[in-house]
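Undergrad: So that we are looking at the same thing, I have put the structure below in structure tokens.
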Amino acid sequence: MARDLDRLFMVARSQTGQVGAEVTDLLRQWVNREVVSVRMEYRKEYGKLFEQRWRSLATDLSIARLTMSESRGGFGWNKAGDAAGLARAAWEIGRADVSLGLLAAGTWIVHLLGGDTPCLEASPVSGGAEGAPKASFVLPGPGMSGESDPLFSGRAVRARAVRTKTGYELSGRLLRPLWAGAVADVHVIVCALDDEPCIAFVRAGAEGLARGPALSTTGLNACTNADLTLERVPVGSGDILVGADKVRMLFSWIHLLASGVCAGAAADFFDLLADWADSRTIKGGVPLKDNPLCASVLAESAQEIALARILVHDLADVVASAGAPEEGSAERAFVYACTIGRRILAGLIHALNRGMELMGSAGYAKEWYVEKHWRDIKNVQSSLSGVGAGVPEAMDAARFFYGSSPR
Amino acid sequence: MRHIDEFSRPEEYISPFDAHFRRLIRSHLEESVMPVRRRFDEDWKEHRLIEPAFDRLMAGLGIQRALFPVEYGGWGLARSDYVFRMGYMLCEELGRADTGMAVAVAVTFWPLLTILVEPYVNERLIAEFAPMFCNADHAVFAANAMTEPQGGSDIENLGLLGGRTIRTTARLEGDRWVINGHKLWPTNSGGVAKLFGVPCTTKPGSSDPADFAFIFVPADTPGVTQGGPYEKAGMAADKNGDIWFEDVRVPSWYRAHGPGRDAEAFYQLIPFGQVMSCAFLTGAMMNLYERLVEFVNTHTFAGRPLKEHDAVAAVIGRIAGDIDICRILGHEAAMIGDRRNKPYGRPLASEQVVGRVRNIKDFISDTAIRCFETAMDVLGAYGADRQWDIEKHWRDIKIVQLWMGGKQLCQMEAARYFFDCETL
Ligand SMILES: Cc1cc2nc3c(=O)[nH]c(=O)nc-3n(C[C@H](O)[C@H](O)[C@H](O)COP(=O)(O)OP(=O)(O)OC[C@H]3O[C@@H](n4cnc5c(N)ncnc54)[C@H](O)[C@@H]3O)c2cc1C
């Protein structure tokens, strides 16, 4: 059944502009044509078709242009105030495939944060206006026993930058990206420069950069991950963004766009679940969706997905507000982004778990595609948990709201 | 650091043989399954790695003989007062290593329980099928083919529907049953099982228990066709597919017991399945603990080992605490089963046993899923990494919550039992 997902999972009008709507429409048509309507084929030939679809997003739709500056031939959605439009776009691509959505989001973030860095300018993948580099992100996370790393709000920063005559050198062992470490064109790595957190942009072929073997992971199978080891990798002076606020904005954008992508995937999950509920009967002939218990579970699943979409757009407002010159706005956006992002992903996993309960074995079979969304979203949730199942975010919130200094 | 064997269970419930068998099985699994299990997912179709592992376990260690009487070369476990608890021990150890293997082993016993456990014993069928399992030098599997395309839950919901939705039919022609129908999803289908237990109806649409039949069908009987295995989110060691029965003829005495008693014998499979599901889950949870211990000792937050950070400690403390509680409950469920013949126990096919055991399984599966999900988030960027095993268990155990009629049927059976609901 053709369902109007925008009507079902609403977004306040005030949060969507006209330009955003055009981009969204275009993406929606592309997603429906290229993935949703051919899900079975897409799943069966995933390895091949994923790459084709990614290329099509990058070149036919010039996805990277969205966040490139107008002077470089882009759409110019490269300000915090464009967060809502990007969140909508992330939602649409997420409906197709979380991996596609994360790669698109990664490209946007690279251009949003590092738009003018020479590394990107020089990179063949981003040379033209269509250039959509696949990006991986190494955020501060768990430390390793026996190592003493600089900390970013309790999280270990395991890469270090040192100044050289021409720029910097970056070192770090077995750094774990969130995803896409094995396939990225650009690695965005949070590192420490004299204990100050910063973001380095490192091209995949950089001298001294080694990628470990491909990791097998729960989901995100097209964003194959691998650990990175850097031995004095030269980084140009323009390829490092210095300062905690930059890192906070990186966290904020990742939380916003990853949760937007996952909310989109959950909306596609809803579509599949609704198909199932329309046709399945239990108790010898009662439509599943008319059984009060099943109806309540279906409702819970849809309610969580609806709430997630609203939260994504609230989060977009928060990220947009980080552009304000007011002191502490990046920190506030960071705390809110981590809090809301976590809440969205927890709600989505709950929605998928509950929905899968009603699909019996069908939900567990790869044929139905729902299990893929479930694995992908869980993968994102765990990766963004950083470490300790939300403890770092709780410490940040305690600091922000109460002025605590948890040790 | 605590050892997994220190997780609580009522010690007075434990069989005197438990420690010996547990040690034997554990060391076998640690040597031949745990080192290769991370490669099982890619082996879901071919079972190139999995099949030899089963051969060593089922035939080499002799587990496939366990239920059969000693006179056939078995271990006589079906006649033991400890059948549920020994099954629990075995399934818990298997679950710790790989729940897909655990279910494939347990389901081999499943249909056979309808003819091996008092008061539903069929000596002639035991003599017929024991050699298939006891004399083989390779793994031999059975399957319990309940689920049909229109739904599995209704077939298991015998209390309410009395089998009226079953579409697989059995017609008596002379001294043969002629079976027609389509089953899907049974564990050990997809070309694995040599023997099927097939719940079917002798009168389609009837909810009279006398019209329910449980008939054994050797997989090589003409008219039986099996499809290839489905690709799933996890449980790669278990193959599941379609089975078509087209005018399949088997001797009339392949029916387990006859009108009325077949339904009772089948209904007692529900508690068996649910108790062993609990064991798969607590086994996997014990392995979760082992892996989590390693992670929280070797990784830090705020410069301290994760386990020494108060807020992280609260999270992992809850996980371990939940494992402890679930293990007690799982053993209680096993004990409910083993009390079946005692004056203070209840028959397996009673609503009391089915309702309570389904309730415990529902609780443990929800808790297990929560524990695994939280543990993956404790590991953060490492949570989705198969090297840490936790994500594999998480994918594998999700189906334990969904199978055997799903979560909602568990809730309904519990309500029926505790509140005397009459229409659910
Ligand atoms: C790895 C694996 C192993 C399996 N092993 C076996 C096996 O050995 N043998 C076998 O026969 N099958 C097996 N199955 C199938 C499994 O047991 C069934 O899929 C399960 O019982 C649910 O049936 P279904 O998928 O047809 O869902 P349905 O029966 O269509 O039920 C769908 C959902 O409806 C809801 N529901 C059902 N009844 C009620 C009710 N009365 N009230 C409220 N809600 C209700 C539940 O949420 C249920 O999940 C296996 C499946 C897998 C994936």
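The values are calculated or read from the model by the stated rules, or taken from the named source; none is laboratory data. Just so you know, these numbers come straight off a predicted model, no measurement behind them. Quick reminder, even Gly has a Cβ in these numbers, built from the backbone with ideal geometry, and neighbours come from all protein chains shown. Accessible surface areas use protein heavy atoms only, side chains included; no ligands, DNA or RNA. Shrake-Rupley method; radii C 1.70, N 1.55, O 1.52, S 1.80 Å.
Undergrad: Just order B:240-247, B:208-215 by mean Cβ neighbour count inside 10 Å, highest at the front, would you?
TA: Ranking the peptides B:240-247, B:208-215 by packing returns B:208-215, B:240-247.
Undergrad: How would A:ASP4, B:ASP220, B:ASP324 line up by accessible area, probe 1.4 Å, largest first?
TA: B:ASP220, A:ASP4, B:ASP324
Undergrad: On to the next question. Provide the solvent-accessible area of A:MET40, counting protein heavy atoms only and rolling a 1.4 Å probe, rounded to the nearest 10 Å².
TA: Ignoring ligands and nucleic acids, A:MET40 comes out at about 90 Å².
Undergrad: Within chain A, what whole-number % of the accessible surface is contributed by carbon and sulfur, with the 1.4 Å probe and all protein chains included in the calculation?
TA: Answer for chain A: carbon and sulfur cover 51 percent of the accessible area.
Undergrad: A further question on this structure: Just to confirm my numbers, what's the Cα centroid distance between the range A:165-189 and the range B:174-241 in Å?
TA: Taking the Cα centre of the range B:174-241 as reference, the centre of the range A:165-189 is 54 Å away.
Undergrad: How do B:PHE54, B:PHE17 stack up against each other in accessible area, from largest to smallest, with a 1.4 angstrom probe?
TA: The residues order as B:PHE17, B:PHE54, largest area first.
Undergrad: Per residue of the protein assembly as shown, what 222 nm ellipticity follows from adding -39500 (n - 2.57) for every DSSP H run with n ≥ 4, rounded to the nearest 500?
TA: Rounded to the nearest 500, it is -15500 deg cm²/dmol.
Undergrad: Can you give the Kirkwood hydrodynamic radius of the range A:241-289 from its Cα pairs, in Å with one decimal?
TA: 13.8 Å is the Kirkwood radius here.
Undergrad: Between helix A:98-114 and chain A, what is the angle of the helix's C-alpha long axis to the longest principal axis, kept within 0 to 90° and rounded to the nearest 10?
TA: With rounding to tens, the tilt is 30 degrees.
Undergrad: Take the eigenvalues of the Cα gyration tensor for the protein assembly as shown, scale each by 5, and report the square roots as semi-axes in whole Å, largest first.
TA: Square roots of five times the eigenvalues give 51, 29, 23 Å.
Undergrad: Given labels modelled 7 Å from the Cα in the Cβ direction, how far is it in nm from A:GLU300 to A:ASP60?
TA: It works out to 4.0 nm between the two label points.
Undergrad: Can you compute the modelled spin-label distance between B:THR423 and A:ASN32, with each label point 7 Å from Cα toward Cβ, in nm?
TA: Going from the B:THR423 label point to the A:ASN32 one covers 4.2 nm.
Undergrad: Please report, as a whole percent, how much of the solvent-accessible surface of the range B:265-418 comes from carbon and sulfur atoms (probe radius 1.4 Å).
TA: 56 percent
Undergrad: On average, how many beta carbons from a partner chain sit within 10 Å of the beta carbon of a residue in B:409-418?
TA: Mean inter-chain Cβ contacts per residue within 10 Å come to 1.
Undergrad: Based on Cβ point charges of +1 for Lys and Arg and -1 for Asp and Glu, what charge dipole magnitude is obtained for the protein assembly as shown about its Cα centre, in debye rounded to the nearest 20?
TA: So the dipole magnitude of the protein assembly as shown works out to roughly 140 debye.
Undergrad: Between the chain alone and the structure with every protein chain in place, find the residues of the range B:285-329 that drop at least 20 Å² of accessible area; heavy atoms, 1.4 Å probe.
TA: Residues meeting the cut-off: B:THR298, B:HIS299, B:THR300, B:PHE301, B:ALA302, B:ARG304, B:HIS309, B:ALA311, B:VAL312, B:VAL315.
Undergrad: Taking the highest mean first, how do the peptides A:165-178, B:90-103 order by number of other beta carbon atoms within 10 angstrom per residue?
TA: The packing order, highest mean first, is B:90-103, A:165-178.
Undergrad: A follow-up question, please. Under a plain spin-label model, where a point goes 7 Å from the Cα along Cα-to-Cβ, how far apart in nm are A:ASP314 and B:GLU118?
TA: The modelled label-to-label distance comes out at 6.3 nm.
Undergrad: If you take every DSSP beta bridge fully contained in the protein assembly as shown, what fraction is antiparallel? Give it as a percent rounded to 5.
TA: About 85 percent, rounded to the nearest 5.
Undergrad: Given a Förster distance of 45 Å, report the FRET efficiency between B:ASN135 and A:VAL242 from their Cβ-Cβ distance, rounded to the nearest 0.05.
TA: The value I calculate is 0.05.
Undergrad: Using a 10 Å cut-off around each Cβ of peptide B:46-53, what is the average number of partner chain Cβ atoms that fall inside?
TA: 0
Undergrad: Something else about it: State the percentage of accessible surface on the range B:12-113 attributable to carbon and sulfur atoms; use a 1.4 Å probe and exclude ligands, DNA and RNA.
TA: Whole-percent figure for carbon plus sulfur exposure: 54.
Undergrad: Could you let me know the centre-to-centre spacing of the range B:360-384 and the range A:365-407, using Cα atoms, in angstrom?
TA: Centre-to-centre distance over Cα atoms comes out at 13 Å.
Undergrad: Compute the relative contact order of the range B:181-264 as a whole-number percentage, counting only Cα pairs closer than 8 Å that sit 6 or more residues apart in sequence.
TA: 40 percent
Undergrad: Which residues, if any, in the range A:143-172 lose at least 20 square angstrom of accessible heavy-atom surface (probe 1.4 Å) when the other protein chains sit next to their chain rather than the chain being alone?
TA: A:GLY143, A:MET144, A:SER145, A:LEU151, A:GLY154
Undergrad: A further question on this structure: How big, on average over all directions, is the shadow cast by the Cα convex hull of the range B:47-98, in nm²?
TA: Mean projected area for the range B:47-98: 3.9 nm², to one decimal.
Undergrad: Count the lysine pairs in the range B:306-422 whose Cα atoms lie under 25 Å apart, taking only pairs 8 or more positions apart in sequence or on different chains.
TA: 7
Undergrad: Quick check: net charge around B:PRO119, other residues with Cβ under 11 Å of its Cβ, Lys/Arg +1 and Asp/Glu -1?
TA: 0
Undergrad: Rg over Rh of chain A, using C-alpha atoms and the Kirkwood radius, what does it come to?
TA: My calculation puts Rg/Rh at 0.97.
Undergrad: With a/c under 1.5 counting as rounded, go ahead and sort the range A:135-243 into rounded, prolate or oblate using the C-alpha gyration tensor (a ≥ b ≥ c being the square roots of the eigenvalues; past the cut-off, prolate if a/b is larger than b/c, else oblate).
TA: Since a/c reaches 1.5 but b/c is at least a/b, the shape of the range A:135-243 is classed as oblate.
Undergrad: For the range B:95-144 and the range B:16-75, what is the separation of their C-alpha centers, rounded to whole Å?
TA: Result: 13 Å between the Cα centres.
Undergrad: Moving to a separate point now. Over chain B, what is the mean sequence separation of C-alpha contacts under 8 Å (at least six apart), divided by residue count, expressed as relative contact order in percent?
TA: After rounding, I find 18 percent.
Undergrad: Here is a further query. Straight-line reach only, C-alpha to C-alpha below 14 angstrom: list the aspartates and glutamates that A:LYS79 could link to, leaving out same-chain residues fewer than 8 apart.
TA: A:GLU70, A:ASP116, A:ASP317
Undergrad: To continue, here is another question. Over the range B:247-318, with the other protein chains present, what is the accessible area per residue in square angstrom, probe 1.4 angstrom?
TA: Normalised by residue count, the accessible surface of the range B:247-318 is 29 Å².
Undergrad: At 1.4 Å probe radius, can you tell me the per residue accessible area of the range A:135-243 in Å²?
TA: Accessible area per residue: 37 Å².
Undergrad: What is the sum of charges, Lys and Arg at +1 and Asp and Glu at -1, for the other residues whose Cβ falls under 14 Å from the Cβ of B:ALA142?
TA: After counting each charged neighbour, the total is +1.
Undergrad: Further question: Of A:GLY328, A:SER383, A:ALA362, whose Cα points farthest to the positive end of the dipole of the range A:321-396 (charges on the beta-carbon: +1 Lys, Arg; -1 Asp, Glu; origin at the Cα centre)?
TA: Looking along the dipole axis, the top candidate is A:ALA362.
Undergrad: At 0.36 nm per residue, and after removing the present C-alpha to C-alpha distance, how many nm does the segment from A:ARG407 to A:GLU22 gain when stretched out fully?
TA: Length gained between A:ARG407 and A:GLU22: 133.8 nm.
Undergrad: Sticking with this structure for a sec: Summing both sides, how much accessible area is buried between A and B? Use a 1.4 Å probe and give Å² to the nearest 100.
TA: The contact between B and A buries close to 4500 Å².
Undergrad: Ranked from highest to lowest mean number of other Cβ atoms within 10 Å per residue, what is the order of the peptides A:267-280, B:18-31, A:249-262, B:178-191?
TA: Packing order, densest peptide first, comes out as A:249-262, B:178-191, A:267-280, B:18-31.
Undergrad: Per residue, how much accessible area does the range B:4-140 have with a 1.4 Å probe, in Å²?
TA: 40 Å²
Undergrad: Would you mind checking the tilt of helix B:351-379 against the longest principal axis of the Cα atoms of chain B, expressed as 0 to 90 degrees and rounded to 10?
TA: That works out to roughly 40 degrees.
Undergrad: I would also like to ask the following. Is the shape of the range A:1-117 rounded, prolate or oblate, going by the alpha carbon gyration tensor and its root eigenvalues a ≥ b ≥ c, with a/c under 1.5 for rounded and a/b larger than b/c for prolate?
TA: Judged from the Cα gyration tensor, the range A:1-117 comes out oblate (a/c at least 1.5, b/c at or above a/b).
Undergrad: Taking the Cα centre of the range A:135-243 as origin, work out the dipole magnitude from +1 charges on Lys and Arg Cβ and -1 charges on Asp and Glu Cβ, in debye rounded to 20.
TA: Result for the range A:135-243 is approximately 120 debye, rounded to the nearest 20.
Undergrad: Continuing with this model, one more query. Give me the net charge of B:GLN352's neighbourhood, meaning all other residues with Cβ under 12 Å from the Cβ of B:GLN352; Lys, Arg count +1, Asp, Glu -1.
TA: +3
Undergrad: Within 10 Å of each Cβ of B:386-395, how many other protein chain Cβ atoms are there on average?
TA: 3
Undergrad: Would you please classify the overall shape of the range B:4-140 from the alpha carbon gyration tensor, given that a ≥ b ≥ c denote the square roots of the eigenvalues, rounded means a/c under 1.5, and beyond that prolate means a/b larger than b/c while oblate covers the rest?
TA: oblate
Undergrad: In the range A:387-407, what residues drop by 20 Å² or more of accessible area when the other protein chains are put back, versus the chain on its own? Use 1.4 Å, and skip ligands and nucleic acids.
TA: Correct list: A:VAL387, A:GLY388, A:ALA389, A:VAL391, A:MET395, A:ARG407.
Undergrad: Let me ask something additional. Given just the C-alpha atoms of chain B, how large is their convex hull per residue in cubic angstrom?
TA: 136 Å³
Undergrad: Taking the Cα centre of the range B:4-140 as the origin and placing charges on Cβ (Lys, Arg +1; Asp, Glu -1), which of B:ALA53, B:LEU125, B:GLN64 is farthest toward the positive end of the dipole?
TA: Value: B:ALA53.
Undergrad: Based on the Cα coordinates of the range B:143-259, what is the per residue volume of their convex hull in Å³?
TA: 95 Å³
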